[in-house]
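The values are calculated or read from the model by the stated rules, or taken from the named source; none is laboratory data. Quantities reported herein were computed from a predicted structural model and do not represent experimental measurements. As a convention, Cβ positions derive from the backbone with ideal geometry for all residues, glycine included, and neighbour counts pool all protein chains shown.
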């Protein structure tokens, strides 16, 4: 082979190697881009799942439930704002509920943090300021709570379904919330609107029951957030569960077997166990069934602690007409608040006098 031919062959080989290298680089970059794109897509859908909220109106819109993670730092930082408007609209006992509702509605990641635009007749996410959203959301919640006669769960489901659910509960369940009632209402409403294409079955149980209007799991989802919030409060400043009961001091009547209906609660008619149930319900902790709550059911709740380690908010028990015949809520300094037959709701010493003699040492700490 002559010199020219050899040079041409070497040049051709170099070009071939360069082309192969470029091809490998292109393939490598393409693979990297595919991986990055996949990660971005997964991340996008994860964010969407975390931030998509439930609609609170009777209008159109797809309803998507949130998760059960803890209250976000953004919402916790806004606690003073929730407290301000809760006081203004007369729902100071329900600050934790309002914060939990916000988590379910928006995950705390959008300006319309309580998704309250539609309660003003505006398109979703029209409100662009968290404080304005909280003001309107608390205003709306206070209205549905009043319409629901103080039934927090009925009010929550109505925040999601719309006020028509309260009328439905009045007509079909003596004005009381139940999950079964929510499913029935959702199923009936879905039959009216499913042709619009604006609703979808967001939970497996929605698809199974045909209850695809709104979110039939809304109350449970919110209450999980409430439990997280309430647990934080009980582990820190537990005075809240004590303070909610102080409104009834000198303003209530002891009725054995009372306090197991919303009308009794509104009239301040309690016995010892129904008062404890009511007080914990105000901070989002449900102690079983209201209709069957008694001292025997309450003493099975929570964790046993030694009286020397008792904290405000713990349950304390007394042997009266029977073993564990009376229950109250420890407030600190050797005192408890409870509904007593002689006084109605009152704070009493548990270290001397009648209650000191009958305190049996049982202390239970409620954490969820």
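State yes or no: is residue 338 within 24 Å of residue 253 (Cα to Cα) and in contact (Cβ under 8 Å) with a residue 60 or more places away in the chain? Please lay out each step first, then the result.
Details: within 24 Å of residue 253 (Cα to Cα): yes; in contact (Cβ under 8 Å) with a residue 60 or more places away in the chain: yes.
So residue 338 passes the test.
Residue under question is residue 257, and the condition is that it be modelled with pLDDT under 90 and either over 18 Å from the mean Cα position of the chain (by Cα) or outside the structural domain of residue 302 (by TED's automatic domain parsing) (or both); does it hold?
No, not satisfied.
Just give me the residues in the range 310-328 being touching a residue at least 60 places away in the same chain (Cβ under 8 Å) and surrounded by fewer than 24 Cβ atoms within 10 Å (Cβ to Cβ), in sequence order.
Across the range 310-328, the qualifying residues are 311, 312.
Kindly indicate whether any position in the range 189-210 is closer than 28 Å to residue 260 by Cβ and part of a helix (DSSP H, G or I). I'd like the intermediate steps shown before the answer.
Quick first cut of the range 189-210, residues closer than 28 Å to residue 260 by Cβ only: none.
No, because not a single residue in the range 189-210 is closer than 28 Å to residue 260 by Cβ and part of a helix (DSSP H, G or I).
Mind telling me which of the residues 299, 224 ends up being at pLDDT below 95 and more than 28 Å from residue 102 (Cβ to Cβ)?
299
As an exercise: evaluate residue 167 against (1) in contact (Cβ under 8 Å) with a residue 24 or more places away in the chain; (2) more than 19 Å from the chain's Cα centre (by Cα) and give the number of the one condition it does not meet.
All conditions pass for residue 167, except number (1).
So residue 331 fits all but one of (1) touching a helix residue (DSSP H, G or I) at 6+ places or on another chain (Cβ under 6 Å); (2) at pLDDT below 95; (3) surrounded by fewer than 21 Cβ atoms within 10 Å (Cβ to Cβ); what number is the exception?
(3)
Filter the range 268-302 down to residues that are without any contact (Cβ under 8 Å) to a residue 12 or more places away in the chain and over 15 Å from residue 317 (Cβ atoms) and give me whichever is nearest to the chain's Cα centre (by Cα).
Among those that are without any contact (Cβ under 8 Å) to a residue 12 or more places away in the chain and over 15 Å from residue 317 (Cβ atoms), it is 289.
Take the residues of the range 342-368 that are part of a loop (DSSP other than H, G, I, E, B) and farther than 21 Å from residue 287 by Cβ: which is farthest from the chain's Cα centre (by Cα)?
Taking the range 342-368 as the starting set, the residues that turn out to be part of a loop (DSSP other than H, G, I, E, B) are 342-343, 350-352, 366-368.
Okay, now just the ones that are also farther than 21 Å from residue 287 by Cβ, so 342-343, 351-352.
Values: 342: 36, 343: 34, 351: 37, 352: 40 Å.
In this case the residue turns out to be 352.
Can you name the helices (runs of 4 or more DSSP H) wholly within the range 36-154 that have at least 2 residues being at pLDDT below 90 and within 28 Å of residue 281 (Cα to Cα)?
73-77, 95-106
Could you tell me whether residue 142 is in contact (Cβ under 8 Å) with a residue 40 or more places away in the chain, over 21 Å from the mean Cα position of the chain (by Cα) and not assigned by TED's automatic domain parsing to the domain that holds residue 266?
For residue 142, the condition - in contact (Cβ under 8 Å) with a residue 40 or more places away in the chain, over 21 Å from the mean Cα position of the chain (by Cα) and not assigned by TED's automatic domain parsing to the domain that holds residue 266 - is not met.
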